[in-house]
1. Give all pairs with beta carbons closer than 9 Å in which a residue from region 74-100 that is on the phi < 0 side of the Ramachandran plot meets a residue that is among the charged types (D, E, K, R) and surrounded by 15 or more Cβ atoms within 10 Å (Cβ to Cβ); count only pairs at least 6 apart in sequence or on separate chains.
2. Go through (1) at pLDDT below 80; (2) among the polar types (S, T, N, Q); (3) surrounded by 12 or more Cβ atoms within 10 Å (Cβ to Cβ) for residue 93 and report which single condition fails.
3. Taking the criterion of being at pLDDT below 85 and part of a loop (DSSP other than H, G, I, E, B), would at least one residue in region 35-51 satisfy it?
4. Just give me the residues in region 64-85 being among the charged types (D, E, K, R), assigned to a loop (DSSP other than H, G, I, E, B) and open to solvent by 80 Å² or more (accessible area, probe 1.4 Å), in sequence order.
Amino acid sequence: MNAQTDDMAANNRQERRGQNLPRKPLSLHILHRLDPERAHRLAIQGLKLRRIRPAPPPDPQLSFSLLDRVFPNPIGLAAGFDKNAEVPDALLSLGFGFVEV
């Protein structure tokens, strides 16, 4: 074996151990440890504090109509996230095509 082959073998061993794999940011580790209901409440509170900006301009290629309604895009947020309709405008400003409340 030559030095180059040895280096490649060492790199492969490190990758298998996860040493060269991308690491999660600390914020994701904390977020994944939160109780789901607490994470939900924090998300709603964060959206309440967010200054509502106009939704991004719609892409005409993504718009569609259904039952005589025109939607800017097919990506929507299903019922359940904003159970009490506290932040529907904030959610729409994130770019969702529709938000069920």
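The values are calculated or read from the model by the stated rules, or taken from the named source; none is laboratory data. A quick note: this is a predicted structure, and the numbers were derived from the prediction, not measured. In this analysis, Cβ positions are derived from the backbone assuming ideal geometry, glycine residues included, and neighbour counts consider all displayed protein chains. Please note that ligands, DNA and RNA were not included when accessible areas were found on the heavy atoms of the full protein model with its side chains. Shrake-Rupley method; radii C 1.70, N 1.55, O 1.52, S 1.80 Å.
1. Close Cβ pairs (under 9 Å, with a partner that is among the charged types (D, E, K, R) and surrounded by 15 or more Cβ atoms within 10 Å (Cβ to Cβ)) amount to 88/82; 90/82; 91/82; 99/82; 100/82.
2. Just one mismatch for residue 93, condition (1).
3. Narrowing region 35-51 to residues at pLDDT below 85: 50-51.
Adding the requirement that they be part of a loop (DSSP other than H, G, I, E, B) leaves 50-51.
Yes, region 35-51 contains at least one residue that is at pLDDT below 85 and part of a loop (DSSP other than H, G, I, E, B).
4. Within region 64-85, 68, 83 meet the criteria.
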